[in-house]
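J.: Let me begin by handing over the structure; questions about it come next.
The values are calculated or read from the model by the stated rules, or taken from the named source; none is laboratory data. Bear in mind the structure is a predicted one, so any value in this text is a computation, not a measurement. All Cβ positions, even for glycine, are placed from backbone atoms using ideal geometry, and neighbour counts span all protein chains on display. Accessible surface areas use protein heavy atoms only, side chains included; no ligands, DNA or RNA. Shrake-Rupley method; radii C 1.70, N 1.55, O 1.52, S 1.80 Å.
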Amino acid sequence: MISLNIEKTLGFISKENVFAYESQVKAAQDALENGTGKGNDFLGWLHLPSSITQEHLADLKATAQVLRDNCEVVVVAGIGGSYLGARAVIEALSNSFTWLQDKKSTPVILYAGHNIGEDYLYELTEYLQDKKFGVINISKSGTTTETALAFRLLKKQCEDQRGKDMAKKVIVAITDAKKGAARVTADNEGYKSFIIPDNVGGRFSVLTPVGLLPIAVAGFDIEKLVAGATAMEKLCGKDVPFAENPAAIYAATRNELYKHDKKIEILVNFNPKLHYVSEWWKQLYGESEGKENKGIFPAAVDFSTDLHSMGQWIQEGERTIYETVISVEKTNHKLEVPSDAQNLDGLNFLAGKRVDEVNKMAELGTQLAHVDGGVPNIRIVIPALNEESIGGLLYFFEKACGISGYLLGVNPFNQPGVEAYKKNMFALLNKPGYEEESKAIRARL
């Protein structure tokens with residue numbers, strides 16, 4: 001499934017100290033399994049992959065097919081975990097340029113509700129004016145400002161352009177089972193709907209309908225994705241010996257590095273298709289661990305692109321960082337460097353070589369340079385960019401995150417700090433019920 005290598009951290013920390021976490025990791029695993037740790041009401045992700053039924057997958061695929069048959073474009077409306085997991089998988093598996101082609105067998109997947117950019121939303125609605133489009137509205141409450149605002153615009157436009165009956169067919173709600181504005185809207189309008197489980201937080205929700213439905217609409221095999229995650233669930237289980245459990249080793253290593261003042265973890269990829277996997281990972285770890293004035297800061301770079309910008313800082317900047325590199329063992333396509341008679345660019349020494357070989361040597365050379373520059377390096381190798389590998393990678397990071405948060409001593413499943421900006425924003429916008437806060441805030445301006 002994946003290969004985890006921590007050898008390039010061992011000039012900075014010792015393997016003995018990493019393996020000394022074994023008892024703490026076991027306690028964390030037991031707390032997860034037994035529901036005795038902090039945030040134990042949000043552990044539904046833990047055995048989610050192995051609990052997904054064929055009937056559930058069939059329902060998701062059937063709904064996805066309705067959207068595929070009736071839409072040129074499907075807009076996924078959601079923020080944070082309500083869209084990042086789906087986008088991570090779709091971007092990782094998609095042809096980078098298919099969306100530019102005139103004739104498509106698969107709807108274009110676009111995203112809204114993850115910002116409040118007026119220009120972005122205007123340009124989106126303009127683009128959709130002559131398109132047969134549908135919407136997947138993802139919100140447990142239905143009142144998250146960014147998503148609710150976008151959905152209000154998209155719902156009206158869909159109904160105006162396609163009629164109420166067709167809008168009912170191509171708008172799908174993924175929301176709470178019983179309560180909230182999105183549930184009321186779905187029931188009143190007669191939308192097909194799926195449930196966000198109460199015990200699964202947004203950043204752990206990629207293997208719920210939140211992620212699975214958009215991924216299926218994009219044309220990818222959600223059965224294989226779930227199978228990869230299920231295999232990783234087993235590989236990272238509580239009864240797997242510490243030395244053989246990649247999630248345990250990763251969690252222990254990053255916490256030991258943190259103890260040695262490595263406060264920033266940079267997730268690195270050498271494949272541009274993994275950019276949104278990094279964005280998903282940043283939310284997963286940032287929102288899970290950044291509490292009580294503690295936590296490793298999650299950052300991400302795309303190499304070799306960012307070697308020409310952030311590479312200087314990583315090589316010679318403050319030594320408070322370490323890198324976790326995701327390496328893809330096998331590409332899906334083959335492209336060789338051609339020979340050129342004039343050789344003005346001096347690249348004939350690469351003639352006949354695979355582009356991926358050049359990329360792999362850039363990866364290896366970067367690793368050696370950064371380690372020599374004082375940056376510990378963790379390496380994760382996945383076999384290929386396919387559904388099984390991505391499913392396994394996502395679950396690996398989720399399980400390691402749960403363990404790591406408990407090792408750090410925080411509740412990895414809540415996010416109280418996220419509410420601070422909302423309270424201020426609502427007060428500044430004069431939302432009913434925030435009158436006192438509005439007075440207090442305006443007095444500070």
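J.: Which value in deg cm²/dmol, rounded to the nearest 500, describes the helix-derived mean residue ellipticity at 222 nm for the chain, given -39,500 (n - 2.57) per DSSP H run of n ≥ 4 and division by the residue count?
T.: -15000 deg cm²/dmol
J.: Tally up the carbon and sulfur contribution to the accessible surface of the chain as a whole percent, 1.4 Å probe, everything protein left in place.
T.: 53 percent
J.: Once phi is turned into ³J(HN,Hα) by the Karplus curve 6.51 cos²θ - 1.76 cosθ + 1.60 with θ = phi - 60°, what whole-Hz value does each residue of the stretch 45-53 show in order, with x for glycine and proline?
T.: Residue by residue, the stretch 45-53 yields 6, 4, 10, 4, x, 6, 9, 6, 8 Hz.
J.: To continue, here is another question. How big is the dipole moment of the stretch 304-382 about its Cα centre under a simple scheme where the beta carbon of each Lys and Arg is +1, that of each Asp and Glu is -1, and everything else is neutral? Debye, nearest 20, please.
T.: 260 debye
J.: What percentage of all Cα-Cα pairs in the stretch 45-219 are separated by more than 24 Å?
T.: The share of Cα pairs beyond 24 Å in the stretch 45-219 comes to 30 percent.
J.: Over 29 Å between Cα atoms: which of Lys156/Lys179; Lys178/Lys291; Lys399/Lys431; Lys61/Lys156; Lys131/Lys431; Lys399/Lys423 fall into that group?
T.: Lys178/Lys291; Lys399/Lys431; Lys131/Lys431; Lys399/Lys423
J.: With viscosity set to 1.306 mPa s at 10 °C, what whole-number translational diffusion coefficient in µm²/s follows for the stretch 156-249 from Stokes-Einstein and a Kirkwood radius over Cα pairs?
T.: Details: Rh = 15.9 Å.
Translational D for this selection: 100 µm²/s.
J.: May I pose another question? Modelling each spin label as a point 7 Å along the Cα-to-Cβ direction, I'd like the Lys104/Glu126 distance in nm, to one decimal.
T.: In this crude label model, Lys104 to Glu126 measures out at 1.9 nm.
J.: A further question follows. Got a sec? Which residues in the stretch 323-339 would a label at Lys353 touch, if it sits 7 Å along Cα→Cβ and we count backbone N under 20 Å?
T.: Answer for the stretch 323-339: 327-339.
J.: Okay, next question. With a 1.4 Å probe and every protein chain left in place, tell me how much accessible area Thr185 has, in Å² to the nearest 10.
T.: Probe radius 1.4 Å; accessible area of Thr185 about 40 Å².
J.: If you consider only alpha-carbon coordinates, what radius of gyration and Dmax does the stretch 268-400 have, in Å?
T.: Expressed in Å, the Cα Rg and Dmax of the stretch 268-400 come to 17.1, 62.
J.: Leaving out ligands and nucleic acids, and using a 1.4 Å probe, what accessible area per residue does the stretch 45-219 come to in Å²?
T.: On a per-residue basis, 44 Å².
J.: Moving on. Please identify every one of the chymotrypsin sites (Phe, Trp or Tyr not before Pro) in the stretch 35-106 that sits in a loop by DSSP and has no more than 15 other beta carbons within 10 Å of its own beta carbon. Could you put the intermediate results ahead of the total?
T.: Details: sites: Phe42, Trp45, Tyr83, Phe97, Trp99; in loops: Trp45, Tyr83, Phe97.
Taking the stretch 35-106 and a limit of 15 other Cβ atoms within 10 Å, the loop chymotrypsin sites (Phe, Trp or Tyr not before Pro) found are Phe97.
J.: Okay, next question. Suppose every K and R has +1 on its Cβ and every D and E has -1 on its Cβ; what is the size of the dipole of the chain about the Cα centre, in Debye to the nearest 20? Mind showing how you got there, number by number?
T.: Working: 49 positive and 57 negative charges, 194 e Å.
Charge dipole of the chain: 940 debye, to the nearest 20.
J.: Checking the table Lys8/Lys238; Lys238/Lys273; Lys169/Lys273; Lys15/Lys263 against a 21 Å threshold on Cα-Cα, which pairs fail?
T.: Lys8/Lys238; Lys238/Lys273; Lys169/Lys273
J.: So what is Rg over Rh here for the chain, counting just Cα atoms and using Kirkwood for Rh?
T.: 0.98
J.: While we're here: For the stretch 388-418 and the stretch 243-309, write down the distance between their C-alpha centroids in whole Å.
T.: 11 Å
J.: Separate question: With +1 on each Lys and Arg Cβ and -1 on each Asp and Glu Cβ, and nothing else charged, work out how big the dipole of the stretch 45-219 is about its Cα centre, in Debye to the nearest 20.
T.: For this selection, approximately 360 debye.
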